[in-house]
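The values are calculated or read from the model by the stated rules, or taken from the named source; none is laboratory data. Worth saying up front: this structure is predicted, and the values here are computed from it rather than measured. Cβ: placed from backbone, ideal geometry, glycine included. Neighbour counts: every protein chain shown. Each accessible area value is taken on the protein alone, full model and side chains, heavy atoms only, with ligands, DNA and RNA left out. Shrake-Rupley method; radii C 1.70, N 1.55, O 1.52, S 1.80 Å.
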Amino acid sequence: IPLFEAQRARLTDPASIDTWSAYHLGLQHGWRFNQHDNTLALGFFERALRLDPHFARAHAGVSFSRFQSAFLRYSAAPDVEAKAARAAAEQGRDVMAAPGS
């Protein structure tokens, strides 16, 4: 399903990509494990969150991208990236724990 969703999103006008599509494009780039694609993944996850701040999976995606940046030393400040990864994970957790989730 994630591959199909990302494929479908690539055929969509970039200006009209929805939350779900942005998330799946982020996944596809994130699993490539290189700095360029990780940056693209983070952008897609952040776009998904701008569209829906309560989308816990997008928070997890941001966390994953930030963790990757810290762990693989894509950033000159891995400690900052690690803290950002934790903060994003906690935001996702809080979204899931909120009433009505």
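Carbon-plus-sulfur fraction of the accessible area of the chain, 1.4 Å probe, in percent?
Solvent-exposed carbon and sulfur of the chain make up 61 percent of the total.
What accessible area per residue comes out for the chain, rounded to a whole number of Å², with a 1.4 Å probe?
Per-residue value: 61 Å².
Given C-alpha coordinates of the stretch 28-89, what is the ratio Rg to Rh with the Kirkwood estimate of Rh?
Numbers: Rg = 10.7 Å, Rh = 11.2 Å.
Radius of gyration relative to Kirkwood radius: 0.95.
Where does the chain land at 222 nm, in deg cm²/dmol rounded to the nearest 500, when only DSSP H runs of n ≥ 4 count, each adding -39500 (n - 2.57), divided by all residues?
-24000 deg cm²/dmol
Could you work out, for the stretch 1-59, what percent of all Cα-Cα pairs fall into each 5 Å distance bin, beginning at 0 Å and stopping at the bin that holds the largest distance?
4, 24, 30, 27, 14, 1
Projected onto the charge dipole of the chain (+1 at Lys/Arg Cβ, -1 at Asp/Glu Cβ, origin at the Cα centre), which of Tyr74, His24, Leu3 gives the Cα projection farthest towards the positive end?
Ranked along the dipole, the leading option is Tyr74.
Summing +1 for each Lys or Arg and -1 for each Asp or Glu, what net charge is found among the other residues whose Cβ lies under 14 Å from the Cβ of Asp79?
Once all neighbours under 14 Å are counted, the net charge is +3.
Per-residue HN-Hα couplings for the stretch 46-51, Karplus 6.51 cos²θ - 1.76 cosθ + 1.60 at θ = phi - 60°, whole Hz, x for Gly and Pro?
Rounded to whole hertz, the list is 5, 5, 4, 6, 5, 6.
Please list 3J(HN,Hα) in residue order for the stretch 23-32, calculated via the Karplus relation 6.51 cos²θ - 1.76 cosθ + 1.60 where θ = phi - 60°; whole Hz, with x for glycine and proline.
Once θ is set to phi - 60°, the couplings for the stretch 23-32 become 4, 5, 5, x, 4, 4, 6, x, 7, 8 Hz.
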